[in-house]
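Here the structure is laid out as structure tokens; the discussion comes afterwards.
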Amino acid sequence: MKSNQYLATLKTYAAIAKKWDSLHPTNEHHDDSFQYFSELLPSGRVLEVGCGSGNDSQTLVAHGYNYTGTDAVKEFVDIAKAKYPDRKFLQCAVQDVADMFSQSSFDGFWCSAVLLHIPRSEILETLKNLKKVTAPKSAGMISIQKGSGEKYEEGNKKTDGLPRLFVYYTQREFEELLDKAGFKTVHFIEKERADRPNWMHFVVKAK
């Protein structure tokens, strides 16, 4: 069962989906993260979890991947379908991917700024579900924020004052979870920010 704070976070994104898309009009992946990911997985079937309005699909499709995008928020999926009608988008929470897709359906996954909203009590099982739907030796990219604790944070101008759940990790803490789920970190990148927690990018490979 998903937590009330997580479900409230989904409601926040549903309410601001159009505004969020206007504030993030282009794909925001970091080139170095994608470079490492594409070196691990030159081609194949890629699942994006938490695709939002679909902007990261631009880079993934341009590279030649067989792309499927998913998001828990219907409003985001609808925007993505309208913007990129030639691509496959489905409504599915990251915790539920193993229920929607069969084992080893994908060769890799892309998970940008998604797991930072998953409660700690659900994160290990969520990572294990990603492992289930990806093939042996698959590649993945995960970005989360550095810190400690689990906080239900008040909204800001971007979210029209609506709250969101944020879950923070240290590099070591998250790599231990990845290891338990069956992944190993191949490349780690930390992006410093002056006014918010640093971004941590984990480019991983299934063990």
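Checking the conditions here, which among Ala139, Ala113, Ala93, Ala98 is at positive phi, of a type outside the set (D, E, K, R) and under 16 Å from the mean Cα position of the chain (by Cα)? Quick ask: steps written out before the conclusion?
Working: Ala139 fails: at positive phi; Ala93 fails: at positive phi; Ala98 fails: at positive phi.
One residue alone meets the criteria, Ala113.
Where in region 45-163 are the strands (runs of 3 or more DSSP E), entirely inside, with at least 1 residues that are among the hydrophobic types (A, V, I, L, M, F, W, C) and at pLDDT 95 or above? Break it down stepwise before answering.
On the way: elements: 45-49, 66-71, 88-91, 106-112, 134-145, 150-153.
Answer list for region 45-163: 45-49, 88-91, 106-112, 134-145.
Looking only at residues of region 49-74 that are buried (at least 20 other Cβ atoms within 10 Å of the Cβ) and either touching a residue at least 40 places away in the same chain (Cβ under 8 Å) or of a type in the set (Phe, Trp, Tyr) (or both), we find that the one that is nearest to Val133 (Cα to Cα) is Val49.
Out of all the residues in region 30-44, is one or more more than 18 Å from Ser138 (Cβ to Cβ) and either modelled with pLDDT of 95 or more or in a loop (DSSP other than H, G, I, E, B) (or both)? If you could, list the steps in order and put the result at the bottom.
Kept after step one, since they are more than 18 Å from Ser138 (Cβ to Cβ), are these residues of region 30-44: 30-32.
Cutting the leftovers down to either modelled with pLDDT of 95 or more or in a loop (DSSP other than H, G, I, E, B) (or both) gives us 30.
Taking every residue of region 30-44 in turn, at least one turns out to be more than 18 Å from Ser138 (Cβ to Cβ) and either modelled with pLDDT of 95 or more or in a loop (DSSP other than H, G, I, E, B) (or both).
Collect the residues in region 32-48 that are among the aliphatic types (A, V, I, L, M) and surrounded by fewer than 21 Cβ atoms within 10 Å (Cβ to Cβ), keeping them in residue-number order. Answer for region 32-48, where residues must be among the aliphatic types (A, V, I, L, M) and surrounded by fewer than 21 Cβ atoms within 10 Å (Cβ to Cβ): just Leu40. Evaluated against (1) under 14 Å from the mean Cα position of the chain (by Cα); (2) surrounded by fewer than 16 Cβ atoms within 10 Å (Cβ to Cβ), Ala8 falls short on exactly one condition, (1). Is it the case that Thr185 is among the polar types (S, T, N, Q), surrounded by 15 or more Cβ atoms within 10 Å (Cβ to Cβ) and under 22 Å from Ser38 (Cβ atoms)? For Thr185, the condition - among the polar types (S, T, N, Q), surrounded by 15 or more Cβ atoms within 10 Å (Cβ to Cβ) and under 22 Å from Ser38 (Cβ atoms) - is met.
The values are calculated or read from the model by the stated rules, or taken from the named source; none is laboratory data. In this text the structure is predicted, and so the values were computed from the model without any measurement. Every residue, glycine as well, gets a Cβ built from its backbone with ideal geometry; the counts of neighbours run over all protein chains shown.
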